[in-house]
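For reference, the structure is listed below as structure tokens.
The values are calculated or read from the model by the stated rules, or taken from the named source; none is laboratory data. Please read these numbers as outputs of a predicted model, since none were measured by experiment. Virtual Cβ from ideal backbone geometry, glycine too; neighbours counted across all protein chains shown. Heavy atoms of the whole protein, side chains included, go into the accessibility calculation; ligands, DNA and RNA do not. Shrake-Rupley method; radii C 1.70, N 1.55, O 1.52, S 1.80 Å.
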Amino acid sequence: MTAPGAPAAYRVWALPGIPEVREGDDLVKLIVEAATADGLADGDVVVVTSKIVSKAEGRTVAATDREASIDAETVRVVARRGPARIVETRHGFVMAAAGVDASNTPAGTVLLLPKDPDASAAGIRDGVREALGVRVGVVVTDTFGRPWREGQTDVAIGASGVRVLEDLRGGTDSHGNPLGVTVTAVGDELAAAGELVKGKADGRPVAVVRGLGHHVAVGGPGGGPAQDPADNASARTLVRDAALDMFRLGTSEAVREAVTGRRTVREFTEEPVDGAAVRRAVAAAVTAPAPHHTTPWRFVLLESAESRTRLLDAMRDAWIADLRVDGKSEESIVKRVRRGDVLRNAPYLAVPCLVTDGSHVYPDARRAAAEREMFVVANGAGIQNFLVALAGEQLGSAWISSTMFCREAVREVLELPEGWDPMGSVAIGHAAQPPKARPVRDADAFVVER
């Protein structure tokens, strides 16, 4: 979608003659001297490869072990396959190897990303303004791979004086259709345009884009206040907020987060539960291991308030009868029954059931008991899958064992076959409170080596 009022053409070229950059070199001087032939004008965008910024800023470090440098620049490992790592850097970028580069640098050294690429861009912009009296935008770039797409492209990791995002939401397309989600990553598009002419190994680390001055601030650093505050957005604006990132977690992270991030939720909001999300969780549940190629899982989903009330009333009556047989006082009975409120207050219930179709028959009690235990373990694995998948759907849940104490009543009210054994109830909904921190458990305390 082309932005309204966008020019029909622009020009991009690489600046020739920039020598090998070393620590302490004046990048502004090098850029200004290289731009003599065509000059620089108001509204130009200067696209600078981060490598020469890093070299000028002394980010070349001695490193016999590149991995150690990657570790030092990493705050989170997102994914790993063999020696290759996708990580989050301290800048917030998610990229391969934290941007640590062992190419185009002397043997025994590696090149780190600039400490503050936005500040680096602002310094270059101020320097060009002071040297030539022109107001340019500056984009500092690095090369990123991309999920779901082959190949790499340059993106903006630093910017100054450039509107790095153009928000077209609220407008309409050429057919009058409203634009609801269109936000263009202008900073990355400028970075990619510059990369097409710069070249990786041809000594052309800087490009100029002319004709897109509507994306460049007319003021800002070195030139007074900008007319539009968005013009001065930094490249950090392009880093999606973690809370809004649907794909933030890497493969191993996603599994760990789903398992360790799951909590028992006992208080729910009134927000309704998407039944399709619960069914997706059931689909995950039935991938659990099971004996003899059987399928020992069944899930009864109670989506209506009437069905939930009917079940919980029957369970309550059964509990009360049992507690009276046990000789509990009426006051004690009230307190115990109240523990079932988590089920009554949930907007959605599921009753997982065990079926033992396909189990083997043994003449002795020992093997018969072991056979049933295999099915119980498999059913429990399915329930755990179910709870973890619900967490992945951003739904809170609580597994409550209560149906196991009144199976006959549950079968009757839910009209279940005799061979279905209810294995607790799962309260499902949107958590009313953020989860509490879980005490750290030392895995070694649960391990015995032989």
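Quick rundown of the values:
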item	result
Cα-based convex hull volume of region 358-406 per residue, rounded to whole Å³	96 Å³
Estimated D of region 1-130 in µm² per second, where Rh is the Kirkwood radius over Cα pairs and Stokes-Einstein applies at 20 °C, 1.002 mPa s	127 µm²/s
Vicinal HN-Hα couplings computed from phi for region 54-62 (Karplus, 6.51 cos²θ - 1.76 cosθ + 1.60; Hz; Gly/Pro x)	4, 5, 5, 8, x, 8, 7, 10, 5
Probe 1.4 Å, all protein chains present, accessible-area order of Y348, Y10, largest first	Y10, Y348
Cα-based Kirkwood hydrodynamic radius, the chain, one decimal, Å	27.1 Å
Number of Lys pairs (Cα under 25 Å; 8 or more positions apart or on different chains) in the chain	14
Relative contact order for the chain, counting Cα pairs under 8 Å that sit 6 or more residues apart, in percent	15 percent
Förster radius 41 Å - calculated FRET efficiency between E306 and Q384 (Cβ-Cβ, nearest 0.05)	0.90
Charge sum, other residues only, whose C-beta stays under 14 Å from W399's C-beta, Lys/Arg counted +1 and Asp/Glu -1	+4
Whole-Å semi-axes of the ellipsoid equivalent to region 259-357 (Cα gyration tensor, √5λ, descending)	29, 20, 13
Heavy atoms of I70: accessible area, 1.4 Å probe, square angstrom to 10	10 Å²
Under the span-like rule (Cα at least 27 Å along the axis, Kyte-Doolittle mean at least 0.0), DSSP H helices of the chain	365-392
